[in-house]
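Here the structure comes first, spelled out in structure tokens, and everything after it is commentary.
Nothing in this text is a laboratory measurement; each read-out follows from the coordinates by a stated rule. For clarity, every value in this text was computed on a predicted model and none was experimentally measured. We place every Cβ from the backbone using ideal geometry, glycine too, and count neighbours over all the protein chains shown.
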Amino acid sequence: MEIRTQMAVVGALAAVWVGGQWVRVRPMLDRATEAERMALGALEQRVAQHPDDAIATRVLLRRYLDHGMPRVVTDTVRRAPAGIQRDGVVSLLWARAEERLGNVSAANALVTGALGRCGAVPDTLADGAGCDVRTQTELTIEGAALERMIEWHITPVTDPARASVAHEIATRPVRITTR
């Protein structure tokens with residue numbers, strides 16, 4: 001009986017070893033992490049081949065803004081499908097690009113539209129629509145800064161110092177005191 005048990009254990013180990021030769025374990029990265037690690041050219045190619053890929057589009061637009069190419073951001077979004085244009089993160093990045101180009105009214109319209117769309121998205125679908133809490137907070141702060149710039153009749157192009165002050169005021173914490 002002992003030899004049969006030993007043979008069964010050896011047979012099971014051999015089967016596992018042989019099975020392991022056919023099965024390959026491949027690590028899978030989060031799609032966002034994978035897109036962030038891509039080179040700019042590869043990312044552009046991915047967005048061109050898969051225009052409905054919101055994650056790759058978000059990463060590409062962020063990369064363009066980081067490289068100081070707001071005109072390319074606006075051109076890329078205008079060529080994107082309507083579903084991608086309605087994405088909360090894409091709208092935020094598009095608004096930031098419009099602001100950098102001096103189109104404060106257009107940027108404010110984009111932020112206002114994105115906030116309206118994000119408010120209508122159920123919480124369970126918010127992350128997929130680019131309307132997570134962080135994005136909605138960023139949209140609100142951006143909107144407050146843009147409204148102040150409109151009120152002051154300035155743009156980041158005409159008066160960068162005051163535009164910076166508008167952003168600082170928009171991010172100031174609110175203090176509530178009881179008197």
By how many nm would the segment from Glu2 to Thr33 lengthen if fully extended, with 0.36 nm per residue of separation less the alpha-carbon distance? 6.0 nm
Taking the convex hull of the alpha-carbon atoms of the range 62-122 and averaging its shadow over every direction gives an area in square nanometres of 3.9 nm²
The helix 54-66 Cα axis meets the longest alpha-carbon principal axis of the chain at an angle in degrees, between 0 and 90 and rounded to 10, of 50 degrees
Spin-label pair Ala82/Thr158, simplified geometry with 7 Å Cα→Cβ offset, distance in nm: 3.4 nm
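Quick one: compute the contact order of the chain, relative version, from alpha carbon pairs under 8 angstrom and 6+ residues apart, as a percent.
Answer for the chain is 14 percent.
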Relative contact order for the range 58-97 using alpha-carbon pairs under 8 Å, separation at least 6, rounded to a whole percent? 48 percent
Points 7 angstrom from Cα along the Cβ direction at Asp52 and Thr171: gap in nanometres? 3.7 nm
Among Trp152, Val89, Met7, whose Cα projects farthest towards the positive end of the dipole of the chain, with charges put on the beta-carbon of Lys, Arg (+1) and Asp, Glu (-1)? Met7
Can you list, largest first and rounded to whole Å, the semi-axes you get for the range 94-178 by taking the square root of 5 times each eigenvalue of its Cα gyration tensor? 24, 18, 9
Mind listing which trypsin sites (Lys or Arg not before Pro) in the range 36-102 are in a DSSP loop and have 12 or fewer other Cβ atoms within 10 Å? Arg37
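Over the Cα atoms of the range 31-171, what is the Rg over Rh ratio if Rh follows Kirkwood? Walk me through the numbers before you get to the answer.
On the way: Rg = 14.9 Å, Rh = 15.3 Å.
Taking Rg over the Kirkwood Rh, I get 0.97.
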